[in-house]
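For reference, the structure is listed below as structure tokens.
The values are calculated or read from the model by the stated rules, or taken from the named source; none is laboratory data. Every value quoted in this text rests on a predicted model; they were computed, and no experiment measured them. Reconstructed Cβ throughout: ideal geometry from the backbone, glycine too, with neighbour counts over all protein chains shown. Accessible surface areas use protein heavy atoms only, side chains included; no ligands, DNA or RNA. Shrake-Rupley method; radii C 1.70, N 1.55, O 1.52, S 1.80 Å.
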Amino acid sequence: MAFADLRREYSLTGLRRRDLDANPIAQFQKWCDQAAGARASGRVRKFCIRLYKALLLATGAEPLDLTAATPATADKQGRPSARVVLLKGVDERGFVFFTNYESRKGQELAENPQAALVFYWSDQERQVCIAGEVSKLPPEESDAYFQTRPRGSQLEAWASPQSGVIADRATLEANWKAMEGRYAGQEVPRPPFWGGYRLSPTWIEFWQGRPNRLHDRFCYTRQADKRWLIERLSP
Ligand SMILES: Cc1cc2nc3c(=O)[nH]c(=O)nc-3n(C[C@H](O)[C@H](O)[C@H](O)COP(=O)(O)O)c2cc1C
């Protein structure tokens, strides 16, 4: 397959300054709702989304990995790394995800709390790029989320030294079994090395694909007085 020959024209819709909410978090939630098929805007978009929802209903399918996002972190020397996680919350304070604090991303965030986060919703021809400072969630918030996880995932959090090298899969499964035994008949507590991070944004960009690569891009930059400055960027 020649990757260079794979080409896509972005023509679904546009993004105008007047479409934007003054608050980037509200704008993000609007795009999330639209990506989930839960909210529409514009007649054509409405029609497409209704059709999309009908198809989803008919097939029993849900939009896949709607909340998947790519956080990029960097170590002290500025060497970057990136991977996919699932967003578990967003509000005025920022974007929340959960992971192992001793993983590669955890170690990098301990050295350098600056991170970026990217969402890509291909159905919507949309991208959201976010940057800001990351901090650990208060332990009570991580506890509350951990309690909602399936038991198998809770045990996995104990069993997997995330990002470390392991000998083989059998080792991992044996670790998991050992944890299953250790916590038999009781609630699985949250490991102290596992929990949430919140990225507090100082910069959020909304990207809408357009024909001829003349894409619409708007970025929100946090000002000293906490207000958001909105500017159009060249594609
Ligand atoms: C769709 C998807 C969702 C994922 N969600 C998470 C997540 O929420 N938390 C997590 O720690 N890893 C998640 N992972 C695994 C990460 O991509 C990654 O392998 C892991 O966190 C270790 O990353 P690191 O070694 O860079 O720290 C997910 C992977 C995929 C493909």
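Counting other Cβ atoms within 10 Å of each Cβ, which GluC sites (Glu not before Pro) in the stretch 176-228 have at most 13 and sit in a DSSP loop? Display every interim value, and only then the final one.
Values: sites: Glu180, Glu187, Glu205; in loops: Glu187.
Here the sparse-neighbourhood loop sites are Glu187.
Going down the list Lys30/Lys76; Lys30/Lys88; Lys136/Lys177, which pairs span over 26 Å between their C-alpha atoms? Exceeds cut-off: Lys30/Lys76; Lys136/Lys177. Protein heavy-atom surface of the stretch 3-153, 1.4 angstrom probe: 54% of the accessible area is carbon and sulfur, with nucleic acids and ligands not counted. In the chain, the longest principal axis of the Cα atoms and the axis of helix 24-35 are about 90 degrees apart.
If the convex hull of the alpha-carbon atoms of the chain is projected onto planes in all directions, what is the mean projected area in square nanometres? Over every viewing direction, the Cα hull of the chain projects on average to 17.1 nm².
Annotation note: GluC sites (Glu not before Pro) in the stretch 54-129 located in DSSP loop regions with a Cβ neighbour count of at most 10 within 10 Å are Glu92.
Spatial offset of the stretch 64-93 relative to the stretch 171-235 amounts to 4 Å, using the alpha carbon center of each.
Pop the C-beta distance of Ala4 and Lys177 into the FRET formula with R0 = 35 Å and round what comes out to the nearest 0.05. That pair, Ala4 with Lys177, gives E of 0.15. Its DSSP H runs of at least 4 residues, each contributing -39,500 (n - 2.57), put the calculated 222 nm mean residue ellipticity of the chain at -9000 deg cm²/dmol, to the nearest 500. With contacts taken as Cα pairs under 8 Å at a separation of at least 6 residues, the stretch 10-117 carries a relative contact order of 21 percent. Computed about the Cα centre, the dipole magnitude for the chain is approximately 900 debye when only Lys and Arg (+1) and Asp and Glu (-1) carry charge, each at its Cβ.
With a Förster radius of 45 Å, plug the Cβ-Cβ distance of Arg16 and Phe193 into 1/(1 + (r/R0)^6) and report the FRET value to the nearest 0.05. It comes out at approximately 0.45. Normalised per residue, the accessible area of the stretch 102-235 is 54 Å², obtained with a 1.4 Å probe and no contribution from ligands, DNA or RNA.
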